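Data block below; observations after.
The values are calculated or read from the model by the stated rules, or taken from the named source; none is laboratory data. Not measured: the values here are computed from a predicted model. Cβ placement follows ideal geometry from the backbone for every residue including glycine, while neighbour counts extend to all protein chains displayed. To get the accessible areas, we keep the full protein, side chains included, count just its heavy atoms, and leave off ligands, DNA and RNA. Shrake-Rupley method; radii C 1.70, N 1.55, O 1.52, S 1.80 Å.
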Amino acid sequence: MQAVFAAAQQTRGRCLEPGVRALASRCAAAAACFLESAAVLAFHSDAFTLPLPAGHRFPMGRYAMLREQVQRTLPGVRIHEAAPASDGELALAHEPAWIDAVVHGTTSAAEQREIGFPWSERMVQRSRRSVGATIHAARAALAGEGVAANLAGGTHHAHAHKGSGWCVFNDVAVAARLMQAEHHRDQLRLPKRQAGRGLRVIVIDLDVHQGDGTAAIFKDDPTVFTLSLHAARNFPARKVAGDLDVELPDGCTDAPYLAALDAALASAFERCATHPPGLAFYLAGADPHEDDRLGRLKLTAEGLAERDRRVFAELGRRGVPIALTMAGGYGRDIATTVALQRRTIALAFEAWQRWQSCQAAAPRSADAGMEESSR
């Protein structure tokens, strides 16, 4: 296809017969479409920055910095702006009273302090679109992409009835519930003999802070398995038990962290053996890094990259589609955090390539098997 594209490009400016010129034009368009599609999807919402007061600790600028770096250095990533989540979609994981308070600006001063952001219309739009980006990523992963990303998201401190810790709505909880609903709808359209079980979801939360909001929302829901690997002595002070919580000591370095991760993944999938997950949300926080001002752990950049490789490899080996979110990252130098997250996206692209290669090989394998059985 690339050769066709090159040939079509070379014909520009030459005197061609009308039919040949039209064919060359169609070939060039088809090749360009092919090259555009040969990339992992990523969604962003960074146009909606918040008007934060001077000295605020939240690094709002890192989202645009990450998108710009990805656009500039990773041609294998297709970036799209996310559409906002609707009230109905948000209500799959949040109480209507909380949605109404956020949308109409009636949150109390205490509720705003718990979130950590003052209310503004841009906060509403940013929060909706951050959820929308994770919805887009999950839907794309399930539709055949295998791996797709939100360049923000991972707002795991938001509960059903409130926000917390710079999280207004819980993007993963909303997207998980919506994907389960869409899967159920699709199953109803199939003949009964072809319909399968409901969509089970696994949340692999490797932000340095425990995903208390996610754990609370899915506390009594056996269709969503929550795994969190986090610093024991970090926010939130009062943690909510998930399905599998692994607490790590201050100063934890690469080797013990990766050993704990391997054991946690093995345990999670063993416990899901009777009903394996059909979708994973991976919160790839950069805040376990040794230079993170809010992290308390001591992972190196290579340790974080190896973490990502192991998660992508385990999920890929099991054929579980992945919706990736960036979650936390608060480096003393925000450029360090952006570089770490850019590397996560690069590794996601490699995982996407492996997924696509397996998908392309599957029909050939099936055809070969049919030919062999007919001999």
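Results, tabulated for the structure shown:
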read-out: Some residue of the range 293-313 being open to solvent by 40 Å² or more (accessible area, probe 1.4 Å), under 21 Å from the mean Cα position of the chain (by Cα) and without any contact (Cβ under 8 Å) to a residue 40 or more places away in the chain; value: yes
read-out: Filter pass, residue 253 being open to solvent by 30 Å² or more (accessible area, probe 1.4 Å), modelled with pLDDT of 95 or more, of a type in the set (Ser, Thr, Tyr) and closer than 27 Å to residue 337 by Cα; value: yes
read-out: Search result, residues across the range 233-251 that are in contact with a Lys or Arg (Cβ under 9 Å, 6 or more places away or on another chain), part of a loop (DSSP other than H, G, I, E, B) and under 17 Å from residue 208 (Cβ atoms); value: 233, 234, 240, 242, 249, 250, 251
read-out: Lone qualifier among 103, 131 - being at negative phi, of a type in the set (Val, Ile, Thr), in a helix (DSSP H, G or I) and buried (at least 18 other Cβ atoms within 10 Å of the Cβ); value: 131
read-out: The range 57-85 - residue that is part of a loop (DSSP other than H, G, I, E, B) and open to solvent by 50 Å² or more (accessible area, probe 1.4 Å) and, of those, modelled with the lowest pLDDT; value: 57
